[in-house]
């Protein structure tokens, strides 16, 4: 089936395109773009140089994919943006390409980016990730499969969000959020497990129980991180928990503290209730 291209769309002769694409009015497709099949670009979508788009994606009005990064170090060297298939990219979402020569910003499959979300240069986003309106990723962030970032969430550069983790609205995340966790606040702290997300992802009850035990060892038993990981590896045997262990071990920034911990209280401003002050004892 042939592509449907509005007469006002501007498409470079150096772009490559599959079939069954629907290109709306005012769209711009630059040199070096590789577009798969069955994609729909609504009006005024921009695809920058070096952008690869898979199949059956929907890009809504004003979406910008593959534009130059918002990085003072960017020198104009060729870089890339690689988007998978079956993603929904809503109005005015911005996804910028890599900042150094030959590098890329990458998005997997079946993600849902709501209006005005931003993905900065060199981010790596897995599959089935949801970014709610105005969620904003700075450079070099990693968001793993199935993670959920609520509205107006901000991530510090190089921060990682683990598989099936959920971050609540208005949060500011400056350390890594381990897989399966529920995180929120400013700065973000771990508040519990993303139980609903794990259930919806089809994790069996025994696996969820194993993850629950690992969470308690990491955040509720008063152990430091190395000792908690040793205990988790002794007591928890599922591959899903090993994903959690590997994530924590590979963290460069460190992981978010638990709610109510001394570390969380020392971070300063927070959207979470602080521990009540202890009543003074008798003189």
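Descriptive notes on the structure:
- For segment 145-244, the direction-averaged projected area of the alpha-carbon convex hull comes to 6.2 nm².
- Taking only Cα atoms of the chain, radius of gyration then Dmax in Å: 21.3, 86
- Across the chain, C-alpha contacts under 8 Å between residues 6 or more apart give a mean separation that, scaled by the residue count, equals a relative contact order of 8 percent.
- The fraction of Cα-Cα pairs per 5 angstrom bin, counted from 0 for segment 63-102, comes to 6, 23, 28, 22, 12, 9, 1 percent, rounded to whole percents.
- Degrees separating the helix 225-235 axis from the principal Cα axis of the chain, which is the longest one: 90 degrees
- Pairs of Cα atoms nearer than 8 Å and 6+ residues apart set the relative contact order; for segment 80-138 it is 34 percent.
- On Cα atoms only, tilt of 205-219 relative to the major axis of the chain in degrees: 60 degrees
- Considering only the chain, percent of DSSP beta bridges that pair antiparallel, nearest 5: 5 percent
- Förster radius 30 Å - calculated FRET efficiency between residue 8 and residue 72, Cβ distance, rounded to 0.05: 0.30
- Based on alpha carbons, the Rg and Dmax found for segment 4-140 are 13.4, 39 Å.
- Nearest-ten-degree value, helix 239-249 long axis tilted from longest Cα axis of the chain: 90 degrees
Quick note: the coordinates plus some simple rules give every number you see, no bench work behind them. Computed from a prediction, not measured in an experiment: that's the story for all the values here. All Cβ positions, even for glycine, are placed from backbone atoms using ideal geometry, and neighbour counts span all protein chains on display.
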